[in-house]
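Here is the structure we will look at.
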Amino acid sequence: MAEQPIKRFHRLQQLARSAGEAQHATAMTLATCDADGNPTARMVLLKSANDDGFVFYTNYESRKAAHLDQSGHAALVFYWATINVQIRVEGTVSRGAAADADAYFASRPRQSQLGAWASVQSQPLANRRELIGRYLREKAQRLGQPVPRPPHWGGYVVTPERIEFWQSRLGRLHDRHAYTRAANGEWSVEMLYP
């Protein structure tokens, strides 16, 4: 239990990958609330995690981005069935550095880069043909050129204030350890009843 939570997260994530979760090891549920406190959740992909926080990327004009910018808080859930582990993260949210977003965007497959320009994320879409048409126009316009990062696309960092590790056990006598970060950045940990 003395292990730091981010180190523990990485150790368990690697264990999940080794146990067959390689394709889903970065999948996480992102939970947000709108201005009225109504919750919503969706799956996104974690791109990095360190002592500064958990990083993911999205369209800044999306519904999730509006929630994140309004509330400044979010929750994440990772679940790796092969090792029976769930990790919950709660914290504050801020937009990531533009340079980091530029670097990550440049590493993405070209189709994904073009898709970021073609999609007006979370807005009504008349039909799939409209989306494909927007994509093909972007593809033709940028033929033979690098695709720059759209100004409406970038990263968010969830800076954890609380991280809970849950390990399934027989008889529903699960292991739960909750880490809480103090104002000075130090973590404290306590066991919880399942």
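Just so it is clear, none of the values below were taken in a lab; they were calculated from the coordinates. Treat the numbers as computed from the prediction; the structure is a model and nothing was measured. Methodologically, a virtual Cβ is constructed for each residue, glycine included, from the backbone with ideal geometry; neighbour enumeration extends over all protein chains shown.
General remarks:
- Working note: 222 nm ellipticity from helices only, DSSP H runs with n ≥ 4, each -39,500 (n - 2.57), summed and divided by the residues of the chain, gives -8500 deg cm²/dmol to the nearest 500.
- In order through segment 149-165: 3J(HN,Hα) via Karplus (6.51 cos²θ - 1.76 cosθ + 1.60), integer Hz, x for Gly, Pro: 5, x, x, 9, 10, x, x, 10, 10, 9, 8, x, 10, 8, 10, 10, 9
- At an R0 of 22 angstrom, the distance between the Cβ atoms of Ser168 and Ala41 translates into a FRET efficiency of 0.55.
- Label point at Ser71 placed 7 Å out along Cα→Cβ; residues across segment 86-104 whose backbone nitrogen lies under 16 Å: 88-95
- Translational diffusion of segment 1-120 was estimated from the Stokes-Einstein equation, with Rh taken as the Kirkwood radius over Cα pairs; at 25 °C and 0.890 mPa s the coefficient is 156 µm²/s.
- Convex hull of Cα atoms in segment 52-194, direction-averaged projection (nm²): 12.0 nm²
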